[in-house]
1. Examine segment 548-558 for a residue that is on the phi > 0 side of the Ramachandran plot and not in a helix (DSSP H, G or I), and state whether such a residue exists.
2. Can you tell me which of (1) in contact with a Leu (Cβ under 7 Å, 6 or more places away or on another chain); (2) part of a helix (DSSP H, G or I); (3) surrounded by fewer than 19 Cβ atoms within 10 Å (Cβ to Cβ) is the one VAL187 doesn't meet?
3. Kindly provide the set of residues from segment 158-168 that are in a loop (DSSP other than H, G, I, E, B) and either open to solvent by 20 Å² or more (accessible area, probe 1.4 Å) or touching a Phe, Trp or Tyr at 6+ places or on another chain (Cβ under 8 Å) (or both), ordered by number.
4. Restricting segment 432-457 to residues that are part of a strand (DSSP E or B) and touching a Lys or Arg at 6+ places or on another chain (Cβ under 7 Å), which is most open to solvent (accessible area, probe 1.4 Å)?
5. So which of SER282, SER277 ends up being crowded, with 23+ Cβ neighbours inside 10 Å, over 21 Å from ALA205 (Cβ atoms) and under 19 Å from the mean Cα position of the chain (by Cα)?
6. For segment 495-521, name all the residues that are open to solvent by 10 Å² or more (accessible area, probe 1.4 Å) and more than 28 Å from PHE335 (Cβ to Cβ).
7. Could you check, for segment 362-382, whether at least one of its residues is open to solvent by 30 Å² or more (accessible area, probe 1.4 Å), under 30 Å from ASN159 (Cα atoms) and either in contact with a strand residue (DSSP E or B) (Cβ under 8 Å, 6 or more places away or on another chain) or assigned to a loop (DSSP other than H, G, I, E, B) (or both)?
8. Mind checking which residues of segment 202-252 are part of a loop (DSSP other than H, G, I, E, B) and either among the charged types (D, E, K, R) or on the phi > 0 side of the Ramachandran plot (or both)?
Amino acid sequence: MRARAATLLAMLLFSRVLSAAAAGDVSSEAPPAPESSVTSADVRTSEVRPLTREDLEAWLDGFLPYALATGDVAGAVVVVVKDGATLLQKGYGYADVAARKPVDPATTLFRPGSISKLTTWTAVMQLVEQGKLDLDADVNGYLDFEIPARDGQPITLRNILTHTPGFEERVKDLIVPEGAPFDPLDVYLKEWVPSRIFAPGTTPAYSNYATSLAGYIVARASGLSFDEYVEQHILTPLGMEHSTFRQPLPERLREFMANGYARASDGKAKPFEIVVSAPAGSQSSSGADMARFMIAHLQKGAFGEGRILKAETAEQMHTTALTILPRVHRMVLGFYEQNRNGRRIISHAGDTAWFHSDLYLFIDDGVGLFISLNSAGKEGAAGNIRKAVFEQFADRYLPGPTFDGKVDPQTAAEHARMMTGLYQVSRRIETSFLKLLGLASPVEVFANDDGTISVSMARNVAGSPIKWREVEPFVWRDVDGESFLSAQVEDGRVVRFGFEWVTPFMVFEPVPAAISPAWVTPALLAGLIALALTTLAWPIAALARKYYGVPYGLTGPDALAHRRIRIASVAVIAVFILWAVMVSLIMGDHLLSSTADICLWILQMLSAVVFFGAAAIGVWNASVVVRGARKWYAKTWAVLLALALLVVLWVALAFHLIAFDVNY
């Protein structure tokens, strides 16, 4: 989860009633599968195969070993269930590279990351059906601390289950290595409540913090710890004997835990990851256990002779959809849509730093698919492998029609023009210094010569930008696939858009002009270059004067201003270097929180002194030089330095380099 958050920040990781969506309305009707009665693309029937164990195993055996080897991924587990039973569960590669220990689908534990949320939300729905929780009540009624209102509105469990409580992202202490100190859940939740940057129910913004709130509420409402509740009411009833939320792992399960790796070829196992935001991602499970969980949901809460949810509760969980944008996938209660081939599919993905997983329920077909890998692999290979397995599985065994349409070229060109620009993702850090990462790789939408549009962060397996062609007003379809992109337009301008990789739980909105990378990034870079040149000129000029025996030619106020602007330039460059080092260390998990906090306090105070002081010196220096008798180029340079230092000050304020807060 932290890996996914950091990736988004450093670039930092869905449908028809648009007006209702803008108001945050939730439909109680079952989410329809994509329409096929209008115009549909050809159904791929030439390669349709019956979903049998024999065909499935032959296909996976031909694909996964090669994919893991070329992607430098250590191991994987794949499980497919059908009609209430496990059709296939199989391990590939190694759970322990050094020991050459193979993956056992029955007992090897993987970390499904955010798929853990489905267990948490199942627990919430159990308590809802018992009348102990209300999806639409203010969550403050269940807590022993307060979540501040936003625009006078509290948040509800329905908001949390649809990722619309409006919290900004929180990444501090999300995952720590085993052995490092970490706070218990209640302390983690209370020590800092992330700012709410959107009104509830209006804007999807994925939140691990919010899900952990839900887990804490489960504990308080049930009178048990979260771990105990899940064990007693979900894991044990389903016979999930090789599963736990406990951290570190219970002794009885340690021998079954797969190692996590950056790459298989590294051969160096990573420490067990402690997910501090536990209800959002701390689960450890075998493939066989995940099969049991999928079967229970596919059978509307029933498993064997038992039941973890009433049928009507499971139906509510699977079908209550929140429409934000047309055509693209939507959040239901906890799950999100991943419809394909005209079939209704609900799912969830999960990523820790080293484990990468997907779970899909073909809800009307009685089929479930789970895949988990224990390495990120080469160039993000784990993501491509997961995507390929799902898409090829769906197309091979569960084909169907795909919605298609057409918009006249003139309209398509105008809409493409309206879409072009820079955007920021709704899942973001807004009130801390890590907001600065948004300048590094803004999300850009651009029009292509062939009438399609592309998004800078959306690329296919080959690494090329995906092209979307408009198929109905402000709805585009991937020209080489089935994914959709759609936009919301108000008063003739695009106010948000999303595409199917991310839109169930986040959208993209235009970057405000005041902080737009279109001008801030080049202005900041130009300013820092000017300050760096001034810094370098100081010793170079001194050495040159000494070498040639030329005296220092300035006196009085000119000499004082000249020296001070150089000192200011050196100080600003030094502080920016310190910020770059600090952000790198924090995002790379190279500093403990306690150490990072001290360094951040010092750096923030230093930033306030240096950036305000340097800006004042820059303006004063320009005033002295412009009113003096120096050459025109000296006056021009003085004005440029003043502007550079004012830009630096604006960036420091707007992106919270000057802010006495160590939360992020």
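The values are calculated or read from the model by the stated rules, or taken from the named source; none is laboratory data. Since the structure is predicted, the reported quantities are computational estimates derived from the model, not experimental observations. Virtual Cβ from ideal backbone geometry, glycine too; neighbours counted across all protein chains shown. Note: areas computed on protein heavy atoms with side chains; ligands, DNA, RNA excluded. Shrake-Rupley method; radii C 1.70, N 1.55, O 1.52, S 1.80 Å.
1. Within segment 548-558 (the criterion being on the phi > 0 side of the Ramachandran plot and not in a helix (DSSP H, G or I)), the answer is yes, since at least one residue qualifies.
2. Condition (1) is where VAL187 drops out.
3. Within segment 158-168, HIS163, THR164, GLY166 meet the criteria.
4. Of everything passing the filter in segment 432-457, ALA447 is most open to solvent (accessible area, probe 1.4 Å).
5. When all the criteria are applied, what remains is SER282.
6. PRO510, VAL511, PRO512, ALA513, ALA514, ILE515, SER516, PRO517, ALA518, TRP519, THR521
7. yes
8. GLY223, GLY239, GLU241, ARG246, listed by residue number.
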